[in-house]
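The values are calculated or read from the model by the stated rules, or taken from the named source; none is laboratory data. These numbers were taken from a predicted model, which means no experiment stands behind them. Positions of Cβ are generated from backbone atoms using ideal geometry, with glycine treated the same way; all protein chains shown enter the neighbour counts.
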Amino acid sequence: MTRAAPDDQRLRHHLPALPVAVAAEGGAAPFDLLTFLEGRVQAWGVFEDRTGRVRRRFAVELEGRWVAGRLVVEEAFAFDDGATETRSWQLERDGATAFHGTGTDVVGPVEGLNGPGSARMRYRFRLRLRGHPLTVALDDRYHRLDAARALNRATLSKFGVRLGELTIVFERRPDLARAAA
């Protein structure tokens, strides 16, 4: 396993469970989540509660662009119940493999790490449950499927208790970027 760059030491302090995986596992090439999210991306997903029951389905349109050294990702969600939601992320590189940032409804920092074939983000997120605010921890894991697609599994928890899982498939859409230009 390759030693982490000095800039990555701060991230390792905040996320001790994250592997310092910069050596290829099974020949997997490094997955740079920020590069993957640049441009237009479409995504589809489900939220399952802790019993495995699907509670919500959704589609997401994302657009990522670099502004002053930060990747700004705008998301527009459309849920199966007709609800819509928008979110904005600002992500910045922090060394060779790490990144950090902020996002709409994120409490505190977003900390992330790119690795061979996958990336991971951890953060606390404020959501509304039955009309009441609730802050949960998210552990987002992204796995590159190919150059255009990635699979995301995110665990939501509160006080260490798993509340549910998100499963999302992302697809880069360079054809949409050309059509919009």
(message) Regarding the stretch 86-96, can at least one residue be identified that is more than 29 Å from residue 30 (Cα to Cα) and at pLDDT 95 or above?
(response) yes
(request) Please list, ordered by first then second residue, the pairs with beta carbon atoms under 6 Å, 6 or more apart or interchain, first in the stretch 48-66 and within 20 Å of residue 156 (Cβ to Cβ), second of a type in the set (Phe, Trp, Tyr) and surrounded by 13 or more Cβ atoms within 10 Å (Cβ to Cβ). (result) 55/47; 56/47; 56/79; 58/77; 58/79; 59/44; 60/77
(request) Return a yes/no flag: does the stretch 111-122 have any residue that is closer than 19 Å to residue 39 by Cβ, polar (S, T, N, Q) and surrounded by 15 or more Cβ atoms within 10 Å (Cβ to Cβ). (result) yes
(message) Conditions first: (1) surrounded by 14 or more Cβ atoms within 10 Å (Cβ to Cβ); (2) farther than 19 Å from residue 125 by Cβ; (3) of a type outside the set (Val, Ile, Thr). Residue 66 passes all but one, so which condition is the exception?
(response) (1)
(request) Under 9 Å between Cβ atoms, at least 6 apart or on separate chains: pull out the pairs that start in the stretch 35-46 with a residue that is in contact (Cβ under 8 Å) with a residue 60 or more places away in the chain and within 14 Å of residue 76 (Cβ to Cβ) and end on any residue that is surrounded by fewer than 16 Cβ atoms within 10 Å (Cβ to Cβ) and of a type in the set (Lys, Arg). (result) 44/57; 45/57
(request) Please state which of the following conditions residue 3 fails to meet, knowing it meets all the rest: (1) at pLDDT 95 or above; (2) over 21 Å from residue 138 (Cα atoms); (3) not acidic (Asp, Glu). (result) (1)
